[in-house]
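Single-structure report; data block below.
The values are calculated or read from the model by the stated rules, or taken from the named source; none is laboratory data. Bear in mind the structure is a predicted one, so any value in this text is a computation, not a measurement. Here the Cβ positions follow ideal geometry from the backbone for every residue, glycine too, while neighbour counts run over all protein chains shown. Heavy atoms of the whole protein, side chains included, go into the accessibility calculation; ligands, DNA and RNA do not. Shrake-Rupley method; radii C 1.70, N 1.55, O 1.52, S 1.80 Å.
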Amino acid sequence: MRLLYINPNATASMTDGIVAAARAALPGVEIMGVTNTDGPPAIEGPEDGDRAVPGVLARVAAAEADAVVIACFDDTGLAEAQALSSVPVLGIGQASYLMATLLGQRFSVVTSLAVSLPVIRENIAGLGFEGHCASVRASGLPVLVIDEGAEDTRVRLAEEIVRARDEDGAGVVVLGCAGMAPLRADLEARSGVTLIDGVAAAAHLAVAAAGFRAG
């Protein structure tokens, strides 16, 4: 089983963190990563997403894997990639929402900047998860700041996670940025809240989808 994670932005350090998180989630699976060097350094809002799509689709078309994961929480180019590919293609946002509902939990999303909120809310509604979503919250932290994972970043994210539970009634909180994947265990310990990392969720679901298709 081979999974390919495509990072739609051009920041290679994020790709490294994404692949490490996916390998930790599924140590027995061959997991590869590729960076969309044609994309923006970070995807923050619909304009960045639109810029990233051509590079994402080119890398989907060239993929040699049993399943492909688009590793941006906005699920950048997901529908187009699914139409293009002969193997299952998942997005980490999509996988997060599905995993939350499979666990029987009402979820909140904690993401980066407010500019990302409309895209995430539209995706949640379009995928049919609106009734399961308690809230979508912006931390006010840029994607590349989150990727650096400094102490004050972790404190800020943990604060927003706790608010999602206490103020919005979320049973679980979804980490709404691929750069949060390496921080999941630390943020869970700080907040005491069960967290869903889309990178790990997508790894498990991609294996299931690939296995079902092969069967």
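Pairs, please: C-beta under 6 Å, at least 6 apart or cross-chain, first residue touching a residue at least 24 places away in the same chain (Cβ under 8 Å) and in the stretch 161-177, second open to solvent by 50 Å² or more (accessible area, probe 1.4 Å) and of a type in the set (Ser, Thr, Tyr)?
172/194
Could you check the stretch 37-66 and list, in sequence order, the residues that are small (Gly, Ala, Ser), more than 22 Å from residue 180 (Cβ to Cβ) and in contact with a helix residue (DSSP H, G or I) (Cβ under 9 Å, 6 or more places away or on another chain)?
Of everything in the stretch 37-66, those that are small (Gly, Ala, Ser), more than 22 Å from residue 180 (Cβ to Cβ) and in contact with a helix residue (DSSP H, G or I) (Cβ under 9 Å, 6 or more places away or on another chain) turn out to be 61, 65.
For residue 20, state whether it is at pLDDT 95 or above, closer than 20 Å to residue 201 by Cα and not basic (Lys, Arg).
In short, yes.
Kindly establish whether residue 210 is crowded, with 17+ Cβ neighbours inside 10 Å, farther than 24 Å from residue 43 by Cα, of a type in the set (Gly, Ala, Ser) and in contact (Cβ under 8 Å) with a residue 12 or more places away in the chain.
Yes; evaluated as a whole, the condition is true for this residue.
Please go through (1) out of contact with any helix residue (DSSP H, G or I) (no Cβ under 6 Å at 6 or more places or on another chain); (2) small (Gly, Ala, Ser); (3) in a helix (DSSP H, G or I); (4) over 18 Å from residue 201 (Cα atoms) for residue 140 and return the number of the only condition it doesn't satisfy.
(3)
Of 145, 193, which residue is of a type in the set (Val, Ile, Thr), surrounded by fewer than 23 Cβ atoms within 10 Å (Cβ to Cβ) and part of a loop (DSSP other than H, G, I, E, B)?
Of the residues listed, the single one that is of a type in the set (Val, Ile, Thr), surrounded by fewer than 23 Cβ atoms within 10 Å (Cβ to Cβ) and part of a loop (DSSP other than H, G, I, E, B) is 193.
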